[in-house]
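J.: Below is one structure. I have some questions about it.
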C-alpha cells in the first residue's frame, strides 16, 4: 500500500518533469527563431566577395632568377576598392605560401588593412559633384584648406595613394635579404598597378606604425610608385630613363 | 636615424681645395653626414658651379649590419654581418694592391661613429662617411641565403638632370644614377665573364639613396644549394677579384654629374640654423 505522502511527492515530480519539458521546448523554439532571424539579415563581412569570379593579374616573383612575371587567376573580389586591394594582396601572399612556390613566404594573414587616399595629400577632398567624375568613375579632388606648398601630386585625375598596413607577424617571419624583400615589395606594387590603375603611389606601415625595413633590407619608409614591375615592364622603364 | 640625416642638406661638394686633386689618402672619416645643413646666400649670378670633385683612387666599402644587427641568418652558424665583413676585408686587400685607397664604414663587428665613442652608427652616418670620401665608387655589401651567385642592385630612384645646389638627403643619389647604372652594367659584364651567376636589378636599400657617388649594392648569395658555401674562401675570392678588376677600369671612366645652377629665386634660402635643424623632407 502506497502511502499518501509518497503519492503527493510522485505527482509533484511528474508535474515538475512535464513543466521542464514544456520550458525546454519553448526555449528551443526561441533559439530557432533567433537563428532564423540572423540568417535573414545580411551579416556577411564587408570585404567578402559578392560578385562572380573575375580575371585578375598577379605579378609573381621568382627567387631563382630575380624576375617578376604576370599570372592570371580567377578570383572573386569585393566591390569596395579598399577591400579589393587588400584581397588582391592576400591572394598574392597566399600564392607564395603554397608548397613549391618560387618565392616562399610564411603562410598567414599579411595585410591588416589597405587605405586608398586621394592625391594630392594635404588639404584636399574628393569632389562629389557629377561633373568632377572622370573616366573610369574616379573622382577629382578639390582643395578645402590652405594647400601644402609642395604636396605629393597625382599624375592623373583621381590618382590615389595606397597605404598598406602589414601585420607584424608577417613582417617578422619574412625571409631576410635584399633580393627576397625587394621582390615581395615589387610583386605587391605590380599587382596593385595591374588591377587598380588609379593607385599611383604606395606606402607601407607595420601594425599601423612606420618601420625602417621589411626584414632588415628593403626600405619601408619611402613612398613607392605603383608601376609595372614585371621584368619586361622594368626593362622598358629603364630604357626610357636612360 | 638622425634628424640631421632627414633634414634637407646642401650638396657636399663644397670640399676644401686640397680634395680637388686626387689625394693619396681619403678625407678623414667624419662624425656626421658629409652634407651640411642648408645655409646659402643668394647667388650673385646664375653661373654654373664647378664640377664635383672625385677621388678616383678612393673606393668606399660598406659592410652592412654589425653589432646587434646581425642581418639575415645565412645558416645555423653563419650570420650576414660576418660574411659582409669578411668580403669587405678580402676586397680591401685586393683593391689596396691595385693602388686604391679603401674607406670602410666599419672594420669590426660593431660599427661606431668616429670621434664619438660608444655611439651606435646609423645608416645616415655610413652615408656621411661615404659622401665625405668623394669616392669613385661606393659598394654596399650584403649577403643572403636565398638564390645563388651575386645580386647587383642600383638605387630605384629616377635619374635627375644634374646635382642641384641643395640636395635632398633622401634622394641625393638621383644625380648619380646614370653613373651607378653604367657601373652596374660594367660590373654585370665582368661577372658574366667570370662565370658567376648574377642577378642585376634595382632596389631601395638604405642608405644607397643618400650616397653622392656611383653606388651599388652587392649581395652575395651561396654558390650552390648549400647555404654554408657562401663562406667558401675560393668563391669569395672569385667575387672579390671580379669586383676589384672591374673597378680598376672604372676609375678612369667615372664622371661627376653636372651641377645645376642655383635658381635666381634662391634668395628665399636665407636659412637660419634653426630653420635648417627643423627642415623636413
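J.: Could you calculate the FRET efficiency of residue A:155 with residue A:2 from 1/(1 + (r/R0)^6), where r is the beta carbon distance between them and R0 is 60 Å, rounded to 0.05? Numbers along the way, then the final one.
T.: On the way: r = 96 Å, r/R0 = 1.61.
Rounded to the nearest 0.05, the efficiency is 0.05.
J.: Here's a follow-up. With N set to the residue count of region B:115-237, report its C-alpha Rg divided by 2.2 N^0.38 Å to two decimal places. Walk me through the intermediate numbers first.
T.: On the way: Rg = 15.7 Å, N = 123, 2.2 N^0.38 = 13.7 Å.
Here the answer is 1.15, to two decimals.
J.: Let me ask something else. What is the average number of partner chain Cβ atoms found within 10 Å of a Cβ in A:213-225?
T.: Numbers: counts 4, 0, 2, 9, 13, 4, 10, 2, 6, 8, 0, 2, 2.
Mean partner shielding for this stretch: 5.
J.: Next up: Among A:217-228, B:204-215, how do they line up by average Cβ neighbours within 10 Å per residue, starting with the highest?
T.: Numbers: A:217-228: 20.2, B:204-215: 26.2.
Most protected by this proxy first, the peptides run B:204-215, A:217-228.
J.: Still on this structure, I have one more. By how many nm would the segment from residue A:98 to residue A:75 grow when fully extended, if each residue of separation counts as 0.36 nm and the alpha-carbon distance is taken off? Please list the in-between numbers first.
T.: Working: separation 23, 0.36 × 23 = 8.28 nm, distance 1.63 nm.
Length difference between fully extended and current span is 6.6 nm.
J.: Give me the inter-chain shielding for B:155-161: mean count of other chain Cβ atoms within 10 Å, whole number please.
T.: Working: counts 0, 8, 2, 4, 2, 0, 0.
Neighbouring Cβ atoms belonging to other protein chains average 2 per residue here.
J.: Sticking with this one: Dividing the Cα radius of gyration by the Kirkwood radius, what Rg/Rh value follows for region B:59-175?
T.: Working: Rg = 15.4 Å, Rh = 15.7 Å.
The Rg/Rh ratio comes out at 0.98.
J.: What does the average come to when, for each residue of peptide B:198-209, you count the partner chain Cβ atoms lying within 10 Å of its Cβ? Walk me through the numbers before you get to the answer.
T.: Working: counts 1, 7, 1, 11, 6, 10, 13, 8, 8, 1, 1, 2.
For peptide B:198-209, the averaged partner shielding equals 6.
Taken together, the values in this text are just the output of simple stated rules run on the coordinates, not laboratory data. If you're wondering where the values come from, they're calculated on a predicted model, not measured in any experiment. Heads up, the Cβs are rebuilt from the backbone with ideal geometry, glycines too, and the neighbour counts pull from every protein chain shown.
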